[in-house]
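J.: Have a look at the structure that comes next, please.
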Amino acid sequence: MKILVVYDSMYGNTEKIAKAIAGGLSGEVITKKAVEATAADLPRGGLLVIGSPIQAGHPLKTTQSLLDSIYEADVKGLKVAAFDTRVTGGFAKLFGWAAKRIADNLKKKGAELIVEPEGFFVKGKEGPLLEGELERAASWGKIVLAAAQSKEAVTSSR
Ligand SMILES: Cc1cc2nc3c(=O)[nH]c(=O)nc-3n(C[C@H](O)[C@H](O)[C@H](O)COP(=O)(O)O)c2cc1C
């Protein structure tokens, strides 16, 4: 299965998470920063894993610009999983989650969300990641891949 992992990162933590997720995936995996990705890179009939740090409840502008450039025709048959990085604590909840916003944006255009949006935790705005988050990211990559493969099996047996 063709897989594209797209991430954004201001201080490097989300980049580490994206690379750990990619390590848990297998197949034809390409990893790109959001600023380098375009709608033309989306793997037709494959899987897009996309994530960003949360800033005031939203993904970074480069991720939002990429999302804005993606149309319904681009996500036809595309499986999607979304993640973000966030701080712990109650205040973050007030602003909401970037992963959900990314997932909702692509779902609305017709992409198939294959797992619930996921968040990974940093200790402060510049990090570091909480202990165990890289391992959790690799495990989540495996979960995402298994979900994508089971959906693929359902689609091809129809
Ligand atoms: C301007 C700004 C706003 C932020 N807003 C939120 C927020 O609303 N919710 C949250 O959980 N974390 C928030 N954070 C913390 C970021 O999520 C954290 O910087 C990010 O996870 C680090 O990832 P990165 O190293 O890939 O940039 C904010 C950070 C900055 C700099």
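Here, each number is a calculation from the coordinates, and none is a lab measurement. Nothing here was measured: the structure is a model prediction, and the numbers come from that model. When we count neighbours, we look across all protein chains shown, and the Cβ atoms used for this are built from the backbone with ideal geometry, even at glycine.
J.: Could you pull the Rg and Dmax for the range 46-128, using just the Cα atoms, both in Å?
T.: In order Rg, Dmax, the Cα atoms of the range 46-128 give 12.9, 39 Å.
J.: Within 10 Å, count the other beta carbons around each residue, average over each peptide in 5-11, 66-72, and list them highest first. Provide the component values of the computation, followed by the final result.
T.: Details: 5-11: 21.7, 66-72: 15.6.
For the peptides 5-11, 66-72, the packing ranking is 5-11, 66-72.
J.: Now for a different question. How many angstrom lie between the Cα centre of the range 87-147 and the Cα centre of the range 1-28?
T.: 12 Å
J.: Share of antiparallel DSSP beta bridges in the chain, in percent to the nearest 5?
T.: Percent antiparallel among DSSP bridges in the chain is about 5.
J.: Per-residue ellipticity at 222 nm for the chain, helices alone: DSSP H runs ≥ 4 residues times -39500 (n - 2.57), over residue total, nearest 500 deg cm²/dmol? It would help to have the intermediate numbers written out before the result.
T.: Working: 5 runs with 62 residues, N = 158.
Value at 222 nm, helices only, nearest 500: -12500 deg cm²/dmol.
J.: Trypsin sites (Lys or Arg not before Pro), restricted to the range 26-72: which are DSSP loop and have at most 13 other Cβ atoms within 10 Å?
T.: Qualifying residues, ordered by number: ARG44.
J.: Also: Could you tell me the relative contact order of the chain? Use alpha-carbon pairs under 8 Å, at least six residues apart, and round to a whole percent.
T.: Values: 316 pairs, mean separation 42.4, N = 158.
RCO, the chain: 27 percent.
J.: Oh, and also: Distance check, please: which entries in LYS109/LYS151; LYS33/LYS123; LYS19/LYS79 exceed 21 angstrom between their Cα atoms?
T.: Over 21 Å Cα-Cα: LYS33/LYS123.
J.: Now for a different question. Scale the Cα Rg of the chain by the rule-of-thumb value 2.2 N^0.38 Å and send over the ratio, two decimals.
T.: So the chain has a normalised radius of gyration of 0.97.
J.: Taking 2.2 N^0.38 Å as the expected size of a compact globular protein, what ratio does the Cα radius of gyration of the range 67-108 give against it, to two decimals?
T.: 1.40
J.: With an 8 Å Cα cut-off and a minimum separation of 6 or more residues, compute the relative contact order for the range 3-63 in percent.
T.: 48 percent
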